[in-house]
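*Asks:* Mind having a look at this structure? Questions to follow.
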Amino acid sequence: MTAATLRTMLLATDGSPDAALAARVAADLCRETGATLHVVHAWQVPTLASQAEARAYPDEPVTGHSAVYEAYAQRAERLLAEQLAALYDAGVGSVREHLVNGHPVAAIVDLAAVVQADLIVLGSRGLGPVGRLVLGSVSEGVAHHAARPVLVLRGGAAAWPPRRLVIGADGSADADRAATLAARIGRACGATATLAHAFPELPLLPFETPAEGRARRDEAMRRAEVALEGRAQRVEALLGRRPEVRVVVADPAHLLLSAAEQGDGPALLAVGSRGLGPLQRFWLGSTSTKVLRAAHGPVLIAPHQPLPVAAQEHDAGRAAHPVGG
């Protein structure tokens, strides 16, 4: 994907309210960008249903064409057909459908690679108690394993379109990719943006007074703000308006979640899946997971893409002397 252009999208659906929101968002983005839309429903017979079937049909195999298997297969076909009809009603001209019998996370991740999806769109929660047993961790699993950007929808109809973007800016390549894609989506929605960088509380150096430590931290934060200005210019070029730059001493997940809750109107949170270098990863590595689990609205996660060796060494040097970007 070059410059976060949306050419192909993969919508994962399971019939849940969050999936319905994801379908509406995918339809909106397809109309705005002209992207090709693939829609997948991955299903499997839950383990508890298989155990119940084994007791009810002791002489019949649990898989294959057993009664419970057929019931789930027919339900899956019906659900996908209903989703396709809704997408056509929403004005999507062409949809390519995929019905997969298998684990949802693996099916979605594998299919996204096959169709070379520029964005995976899915809901946050599955359908019903049994559905959540199978599907409840799908969004987190896809966000963790996919090599493609993932947009996870939650918050109901009022959550989209976003009026604000809250972008985690930690200086990593992953965060830059998230910012680029979020800015393109935000431009279509007319959203404003905040680039938020959470700065660590630096420990005192040997023989350093508290005042000297604060001065060193303040200087490092000033340098971080200067570095963020360059990123702000790139976001501005894509978004069409100047983003706010915010550098504060805080936990990164808490900063992003607070920024999303404090403003007016719905917000789209955008983060990279990993922070910058080994030291930052120790501090930032779980930020995307924390945000995905705690956010009340949609979350965009850009996947980690390994850097060349020279870039890794450069990042390691920056991590040893963090300046926030």
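The values are calculated or read from the model by the stated rules, or taken from the named source; none is laboratory data. What you are looking at is a predicted structure, and each value in this text was computed from that prediction instead of being measured. Here Cβ is always computed from backbone atoms with ideal geometry, including for glycine, and neighbour counts include all displayed protein chains. The protein model used for the area step is the full one, side chains on, heavy atoms only, and it has no ligands, DNA or RNA in it. Shrake-Rupley method; radii C 1.70, N 1.55, O 1.52, S 1.80 Å.
*Asks:* Between residue 208 and residue 293, what length comes free when the chain is fully extended (0.36 nm per residue of separation minus the Cα-Cα distance, one decimal in nm)?
*Replies:* 26.7 nm
*Asks:* Compute the FRET efficiency between residue 103 and residue 262 as 1/(1 + (r/R0)^6), taking r as their Cβ-Cβ distance and R0 = 51 Å, and round to the nearest 0.05.
*Replies:* E between residue 103 and residue 262, to the nearest 0.05, is 0.85.
*Asks:* Heavy-atom accessible area per residue, region 1-41, 1.4 Å probe: how many Å²?
*Replies:* Averaged over the residues of region 1-41, the accessible area is 33 Å².
*Asks:* Taking +1 at the Cβ of each Lys and Arg and -1 at the Cβ of each Asp and Glu, which of 139, 115, 158 sits farthest along the dipole of region 108-225 towards its positive end, judged by Cα position relative to the Cα centre?
*Replies:* 158
*Asks:* Between residue 286 and residue 81, how high is the FRET efficiency from 1/(1 + (r/R0)^6) when r is the Cβ-Cβ distance and R₀ = 45 Å? Nearest 0.05.
*Replies:* Rounded to the nearest 0.05, the efficiency is 0.70.
*Asks:* Could you compute the net charge surrounding residue 236? Neighbours are other residues with a C-beta less than 13 Å from the C-beta of residue 236; K and R count +1, D and E count -1.
*Replies:* +4
*Asks:* Additional query: For residue 234 and residue 96, FRET efficiency with R0 = 35 Å and r from the beta-carbon atoms, rounded to 0.05?
*Replies:* With a Förster radius of 35 Å, E is 0.60.
*Asks:* Also, I was wondering about something else. Hey, can you rank 295-305, 201-211 by average C-beta count inside 10 Å, highest first?
*Replies:* 295-305, 201-211
*Asks:* Using a ≥ b ≥ c from the Cα gyration tensor of region 136-186 (square roots of the eigenvalues), is it rounded, prolate or oblate, where a/c under 1.5 gives rounded and otherwise the larger of a/b and b/c decides, a/b for prolate?
*Replies:* Since a/c reaches 1.5 but b/c is at least a/b, the shape of region 136-186 is classed as oblate.
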